[in-house]
Amino acid sequence: MSNIFQVYILYIWCDCVNWRFRRNDYMSKEVFVKRDEDYGKWYKQVIANADLIDTSPVRGCMVMKPHGYALWEAIKDDLDRRFKETGHVNAYFPLLIPLSYLEKEAEHAEGFATECAVVTHHRLEAQKDENGKTKMVPTGKLAEPFIIRPTSETIIGAAFARWIESYRDLPLLINQWANVMRWEMRPRLFLRTAEFLWQEGHTVHETAEEAWEETEKILDVYEEFARDHLAIPVITGEKTENERFPGADRTLCIEAMVQDRKAIQAGTSHFLGQNFSKASDISFAGRDGTKQYGWTTSWGVSTRLVGTLIMAHGDDDGIKLPPKVAPTQVVILPIIPKEENREHVMNAVNQFANELLELTYAGLPLRVEIDSRDMHGGAKNWEWIKKGAPIRIEIGPRDIEKGTVAVARRDQSPKEKQFIESTKFLKEAENILEDIQSSLLNSATTFRDENMISIETMDEFIKFFTPLNTDKPEIHGGFALCHWAGSNEEEEKIAKDYKVTIRCIPNGDKFIEDGKCILTGKPSNRRVIFSKAY
């Protein structure tokens, strides 16, 4: 407890020193730098310009504004549908976890110990200090501390132990949408925040084979979702022992490359074996009447996907949103040069919007917004570019007269604009959106493939991950495909010396070939992926 308290005091001190700087940095409304100049600052500024978040008085936490939360909802809704199609149902479990629950699974608890927020009291009392100022003082110390959930394996396991009696109760396929807290030392918006939103799936199976099949099935769901919904090409594979989820037998993952050539672990699926079932007594009467322990899995993705999306597709003008996930797929900007034109233009805009709303894309009604705010048209147009809307449509008196609309796509230059007959656009809207979706996926795939190379020696490895220009340290690296037969200790040393980790042992025959480990020279029959990562 004393270590946790010391870390907490350090966070408060850092917060006091950095609050003004961080607020100005995150809430700046201009993009002062390009991606290849200062990628970190670019990332913060495009988030601010897209109106996704607001700052929070709690260090490491963020306020998700309506546009940002709508983006998360689009992610959540599609994933929720996919989970239910594979037989999973939603439930909800407590935010607070008794400390004793974490102590039952020592390896798991140790893996999260330094990130835990601890609740020790249950009441506040008003007390006067020596100057007569009222302060709220924690009183009513709890008999047992509670941990604000960093993940829910232990408390969900306790519930499963009560719910399962026989093999007939299996499989048990549960998902939870929730918030969790992990006290991050170096928070980064969406990617690493102290509190974040996520889903965590937890399942129990009769046999190891069924549990492993579930682990792989969910990995496939995540891969397809990232590719088809977020337009992000990911590599699937298995984590090394060093990178494995605490308490798991095996961890599978999806790894994405973003535009500074670093990796983001975008989702994980864990085969937990019987570790948690034995710790929580998740047991059942088997087919032969004997007591058996369940085989469990857990898996999850979080609001980190929003950060991955921004970093994968954004450009120097702002974020780009794939149509399938964009809260607004088509925004209509009325052009009203004179006040006497307003009624005429707005009638035409509303009629066109209503016709668009009758259309569908990807099986759902088109998401259309009219921006009728009383402000300069150029400013409105630029705002929606920064917010990443896939299609911007301008309609003014001349367009109405000609029966056309001015169409601009976010995957093209802001200066590009096409004048299309309004009736023709209504027929082609779905195809245009799908073309934008494909364009973003193709662009991200090309970028990843161009920056994923095979490396045979440590000299090549070091050169690949060493900045060529110290003024622009982001312009280097990528995914290094290397043969590996080193030990856990050697893997840790590479991570310490070069800030590079094995992201995964990738799936697929193309990564299987004989060679020699880049570090030890020992025989290796496959390549792994090394990369710097968030």
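The values are calculated or read from the model by the stated rules, or taken from the named source; none is laboratory data. Values in this document were obtained by computation on a predicted structure and should not be read as measured data. Cβ sites come from the backbone with ideal geometry, for glycine too, and all protein chains shown count toward neighbours. Just the protein is used for accessible areas: all its heavy atoms, side chains included, with ligands, DNA and RNA removed. Shrake-Rupley method; radii C 1.70, N 1.55, O 1.52, S 1.80 Å.
Here are some notes:
- Relative to the longest principal axis of the Cα atoms of the chain, the long axis of helix 39-49 makes an angle of roughly 60 degrees.
- For the range 277-357, accessible area per residue (1.4 Å probe, heavy atoms of protein chains only), Å²: 36 Å²
- Accessible surface of the range 246-326, 1.4 Å probe: 39 percent of it comes from carbon and sulfur atoms.
- Gain in span if fully extended, N525 to N242, counting 0.36 nm per residue against the direct Cα distance: 99.9 nm
- The residues of the range 221-269 have, on average, 25 Å² of accessible surface per residue, using a 1.4 Å probe with all protein chains present.
- Summing charges over all other residues whose Cβ lies under 12 Å from the Cβ of L170, with Lys and Arg as +1 and Asp and Glu as -1, gives -3.
- Proximal lysines relative to K278, as straight alpha-carbon distance under 25 Å, when same-chain residues fewer than 8 apart are discounted: K104, K217, K239, K291
- Of I75, I148, the residue with the largest accessible area leads and the full order is I148, I75 (1.4 Å probe).
- Placing +1 on each Lys and Arg Cβ and -1 on each Asp and Glu Cβ, with no other charges, gives the range 75-179 a dipole about its Cα centre of roughly 420 debye.
- Label-to-label distance, nm, for residues given as E85 and E340 (7 Å Cα→Cβ offset): 5.5 nm
- Sequence of T120, T134 from largest to smallest accessible area, 1.4 Å probe: T134, T120
- FRET efficiency, T290 to D169 (Cβ-Cβ, R0 22 Å, nearest 0.05): 0.90
- For the chain, the longest principal axis of the C-alpha atoms and the axis of helix 304-313 are separated by about 40°.
- Computed with every protein chain present, the accessible area of V221 is close to 10 Å² [probe 1.4 Å].
- Nearby lysines by direct alpha-carbon distance to K34 (threshold 21 angstrom, same-chain neighbours under 8 apart not counted): K44, K262, K320, K386, K387, K415, K472, K532
- Estimated from helical segments only, the mean residue ellipticity of the chain at 222 nm is -12000 deg cm²/dmol, where each DSSP H run of four or more residues counts as -39500 (n - 2.57).
- Solvent-accessible surface ranking, highest first, for E489, E255 at 1.4 angstrom: E489, E255
- Based on C-alpha pairs under 8 angstrom that are at least 6 apart in sequence, the chain has a relative contact order of 13 percent.
- Distance-filtered residues of the range 305-330 - backbone nitrogen under 19 Å, label point 7 angstrom along Q351 Cα→Cβ: none
- At most 16 other Cβ within 10 Å, DSSP loop - GluC sites (Glu not before Pro), the range 309-402: E358
- Positive minus negative residues near L79 (Lys, Arg vs Asp, Glu; Cβ under 15 Å): -2
- Between H121 and E210, the contour length at 0.36 nm per residue exceeds the alpha carbon distance by 27.8 nm.
- For the chain, with +1 on Lys and Arg beta carbons and -1 on Asp and Glu, the positive-most of I370, W382, S443 along the dipole: W382
- Estimated FRET transfer efficiency when R0 is 45 angstrom, pair A362-R162 (beta carbons, to 0.05): 0.65
- Using alpha-carbon coordinates, inclination of helix 208-228 to the longest axis of the chain, degrees: 20 degrees
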